[in-house]
Amino acid sequence: MATVPTITLNDGATIPQLGFGVWQVPAEDAEKVVAEALKVGYRHLDNAAVYGNEEGVGRAIAASGVPREELFITTKVWVNDFKAGNTKQALRTSLEKLGVDYVDLYLIHWPSPADEAYLDAWKAMEEMQAEGLIRSIGVSNFLPEHLDRVVEAGTVVPAINQVEIHPALQQREIQEANERHGIKTQAWSPLAQGAVFEDEPVKAAAEAHGVSPAQVVIRWHLQRGRILFPKSVTPERIASNFDVFGFELSEEELSAIDGLERDGRTGPNPGEFNPS
């Protein structure tokens, strides 16, 4: 079983650089899919309350026999909960569904910037971190201006900012803002839902190393220092996405993939997205 590199966060905690995501995994399939991921060797699980599958993830964790201290579990508070002032209750509900006493990372899922309710959520998360219910706190989909407000208003700097990043959307301004604040960048939709697999630099690297385009893109993220969590429900792909430690991309290959930036966003724009 491969040893996944870890990254040290600004609060001293460590996170496995490669994880497993469960976005869009149906609730009825979550237990089976996560059990497969844990069997392959993943120990970092990325979840969210709004995904609706925390119970299945919790059942897989309980049945796995993997000690809790070997797992890194992330979940997120949804907008309607923090806008209603229910951040603390939302976490307690997630803990119950996941069957754990604490989460390793709790994130504000979207800033929803029409108001600044995320600042109240951040205060509540700082308090829950002090209580031991959360090891690390962070944000997701925050633009530089949102990060600045949290850092200014809070007493804890976010450990992570999780944003859409892949070869077609590299969010360099956000990555630079993260680095300026000592925040680690975590990529969601790291494979661009397959949209970059036919791009020549990805295909060429895959041929050169005898691996899949998905493995090339995962390797690109890892070598560029980002944390990521590709998602699949297919056992073969779950295993393949984890099998990325037997080759290394050259600087020329990395730079060619860097050149694929084209503002190829697959999800909402955080500056405009105000979900309820």
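When you look at residue 150, is it assigned to a helix (DSSP H, G or I), of a type in the set (A, V, I, L, M) and crowded, with 21+ Cβ neighbours inside 10 Å, yes or no? Answer is yes for this residue. Among the residues of the stretch 204-250, the one identified as among the hydroxyl-bearing types (Ser, Thr, Tyr) and either within 27 Å of residue 176 (Cβ to Cβ) or in contact with a Cys (Cβ under 8 Å, 6 or more places away or on another chain) (or both) is 250. Restricting attention to the stretch 1-34, the residues that are farther than 23 Å from residue 162 by Cα and crowded, with 17+ Cβ neighbours inside 10 Å total 1. For the stretch 235-264, the set of residues classified as out of contact with any helix residue (DSSP H, G or I) (no Cβ under 6 Å at 6 or more places or on another chain) and either small (Gly, Ala, Ser) or modelled with pLDDT under 95 (or both) consists of 240, 246, 250, 255, 259, 264, listed by residue number. Filter the stretch 148-201 down to residues that are of a type in the set (Gly, Ala, Ser) and under 15 Å from the mean Cα position of the chain (by Cα) and give me whichever is farthest from residue 129 (Cα to Cα). Ranking the qualifying residues of the stretch 148-201, first place goes to 192.
Is there a residue in the stretch 252-267 that is of a type in the set (A, V, I, L, M, F, W, C), farther than 20 Å from residue 175 by Cβ and either surrounded by fewer than 16 Cβ atoms within 10 Å (Cβ to Cβ) or in contact (Cβ under 8 Å) with a residue 40 or more places away in the chain (or both)? No, there is no match, as no residue in the stretch 252-267 is of a type in the set (A, V, I, L, M, F, W, C), farther than 20 Å from residue 175 by Cβ and either surrounded by fewer than 16 Cβ atoms within 10 Å (Cβ to Cβ) or in contact (Cβ under 8 Å) with a residue 40 or more places away in the chain (or both). Scanning the stretch 109-147 for residues that are in a loop (DSSP other than H, G, I, E, B), closer than 19 Å to residue 10 by Cβ and free of Cβ contacts under 8 Å to residues at least 60 places away in the same chain yields a single hit, 132.
The condition (being modelled with pLDDT of 95 or more, among the small types (Gly, Ala, Ser) and either closer than 24 Å to residue 129 by Cβ or under 19 Å from the mean Cα position of the chain (by Cα) (or both)) is satisfied by just one residue among 62, 48: 48. If you go through the stretch 78-108 and pick out every residue that is under 19 Å from residue 64 (Cβ atoms) and in a helix (DSSP H, G or I), you end up with 5. With respect to (1) farther than 26 Å from residue 20 by Cβ; (2) outside any loop (DSSP other than H, G, I, E, B), the lone exception for residue 157 is condition (2). Can you tell me which residue is surrounded by the fewest Cβ atoms within 10 Å (Cβ to Cβ) among those in the stretch 79-102 that are under 28 Å from residue 4 (Cβ atoms) and touching a helix residue (DSSP H, G or I) at 6+ places or on another chain (Cβ under 8 Å)? Only one residue tops the list, namely 101. So for the stretch 58-72 (the condition being outside any strand (DSSP E or B) and touching a residue at least 40 places away in the same chain (Cβ under 8 Å)), does at least one residue qualify? Yes; the residues of the stretch 58-72 include at least one that is outside any strand (DSSP E or B) and touching a residue at least 40 places away in the same chain (Cβ under 8 Å).
Scanning the stretch 54-77 for residues that are surrounded by fewer than 20 Cβ atoms within 10 Å (Cβ to Cβ) and either under 20 Å from residue 127 (Cα atoms) or not charged (D, E, K, R) (or both) returns 62, 63, 64, 65, 66, 67, 71.
Is the stretch 196-204 home to any residue that is buried (at least 21 other Cβ atoms within 10 Å of the Cβ) and under 28 Å from residue 273 (Cα atoms)? Yes, the conditions are met somewhere in the stretch 196-204.
Can you work out which of the residues in the stretch 221-237 that are under 16 Å from the mean Cα position of the chain (by Cα) and not basic (Lys, Arg) is farthest from residue 16 (Cα to Cα)? It comes out as 232.
The values are calculated or read from the model by the stated rules, or taken from the named source; none is laboratory data. If you're wondering where the values come from, they're calculated on a predicted model, not measured in any experiment. Cβ sites come from the backbone with ideal geometry, for glycine too, and all protein chains shown count toward neighbours.
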